[in-house]
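S.K.: Got a structure here, written out as structure tokens. Questions coming.
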Amino acid sequence: MSVAKLVGQIAGWLQKEGPLSDIVISSRVRLARNYDMIPFPHRANREQLKEVILKTEKAIDGSKYLKNVLIIDMSELTDMDIQFLVEKHLISREFGKSRAEQMLAVSDKEIISIMVNEEDHLRLQCIQSGLQLLDSWRLINQATLELESQVEFAFSKKLGYLTSCPTNVGTGMRASVLIHLPALVITKQIGKVLQAVAKLGIAIRGLYGEGTEAYGNFFQISNQVTLGYSEEDIINNIECVVKQVVGYEENARTLMIKEDKKAIEDKIWRAYGVLSNVRIIDFQETLNLLSLLRLGIGLKMIDKIDRILVNKMFIITQPAYLQKLEGKKLVPHERDIVRASLIRENLERKGTNKDV
């Protein structure tokens, strides 16, 4: 099935706000699982990869928890479709590069998704709003255990779940938080904070994960190693670090207001003025201005719109998403015009929290 069903749909995690959502955008837990007696994807032949897909489809069909998921054959997708799914945070940038014998399963609200034959046979993820790592793990773990009741995963009593990458062996879990840190960037404290976090064995990445930049002052904080730690240990460690970083961001915001409130107000209202009237704008500038807008809402300097609307605009103004909404391929200049129009239309709604 094509990705058309997902184009007009706003993900469930973008429809509400969870704990600490002023600064924490979302929480994601991803579990890596591999079928017993079948080589990892990079060593498997096409017939073995097909077997993985058939096993997964059968297990999903017998699952009450994963009922009504959308099944997408990756081989049928265009480059734009692949980028669209990356922008929706449903797949990794690596997934879909080969596309042969790969499948994606997406729940109706996009809370749960499963990549089949990425680096591992299965990459199951749950994503929710705000700081909800523990709840996200419980949700995806329940779905995974239901699948495991029907199939046998590669497991070692000594090491735990076996994975393609040694750093995932054990729980097979990667827990990450997408966090917005504009004040730390503006006050030039971000480097010091990120260095301190990295020393704790926590990975810091950009907006789209590994190898990407922190566009719009967004950062991903996640665990690096799973072996030797329980799921609860990993989650508690990340949540502790995230809460510390949130505290640093809050202190930086207080410091900005104390030192020059008018200068910050000017930055924020200039951003609102540009976004409300812009006719041509690229995605990089959009991210930076929306970041200031989101900061203004957090500082209670702007009450014309709500944070949920701004969060949605971060997603729908991305290049591939725009083209899917338009139903055709656009050159960069055309995208910049469409993006500007979409932003103005949404801001005119005064944050009514309607689907875009």
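Just so you know, all these numbers are worked out from the coordinates, no wet-lab data involved. Quick caveat: nothing in here was measured; it's all calculated off a predicted structure. For neighbour counting, all protein chains shown are included, and Cβ atoms are generated from backbone atoms with ideal geometry for every residue, glycine included.
S.K.: Going by a ≥ b ≥ c, the root eigenvalues of the Cα gyration tensor, does the stretch 212-262 fall in the rounded group (a/c under 1.5), the prolate group (a/b larger than b/c) or the oblate group?
M.R.: oblate
S.K.: Further question: Quick one: Cα convex hull volume of the stretch 28-149, Å³ per residue?
M.R.: Dividing the Cα hull volume of the stretch 28-149 by its residues yields 98 Å³.
S.K.: Also: Any idea what Rg and Dmax come out to for the chain if you just take the C-alpha atoms, in Å?
M.R.: In Å, with Rg to one decimal and Dmax whole: 20.8, 64.
S.K.: Compute and list, largest first, the equivalent-ellipsoid semi-axes of the stretch 272-324 from the alpha carbon gyration tensor, each √(5λ) rounded to a whole angstrom.
M.R.: Sorted largest first and rounded, they come to 20, 12, 9 Å.
S.K.: Compute the long axis of helix 332-348 from its Cα atoms, compare it with the longest principal axis of the Cα atoms of the chain, and write down the angle in degrees, 0 to 90, nearest 10.
M.R.: 70 degrees
S.K.: May I pose another question? Which residue fluctuates the most in the chain, going by a Gaussian network model with Cα springs under 10 Å, if the choices are Gln318, Gln125, Gln150?
M.R.: Among Gln318, Gln125, Gln150, the largest GNM mean-square fluctuation belongs to Gln150.
S.K.: When a footprinting reagent is the concern and you count Cβ atoms within 10 Å, what order do Lys158, Lys58, Lys267 take, fewest first?
M.R.: Listed from fewest to most nearby Cβ atoms, that is Lys158, Lys58, Lys267.
S.K.: Continuing with this model, one more query. Hey, any idea what Rg/Rh is for the stretch 251-348, computing Rh the Kirkwood way over Cα pairs?
M.R.: Result: Rg/Rh = 1.03.
S.K.: With the chain treated as a Gaussian network of Cα nodes joined by springs under 10 Å, which of Ser156, Ser21, Ser222 yields the largest mean-square fluctuation?
M.R.: Among Ser156, Ser21, Ser222, the largest mean-square fluctuation in the Gaussian network model of the chain belongs to Ser156.
S.K.: Give the lysines reachable from Lys55 as a straight Cα distance under 19 Å; neighbours fewer than 8 places away on the same chain don't count.
M.R.: Lys64, Lys67
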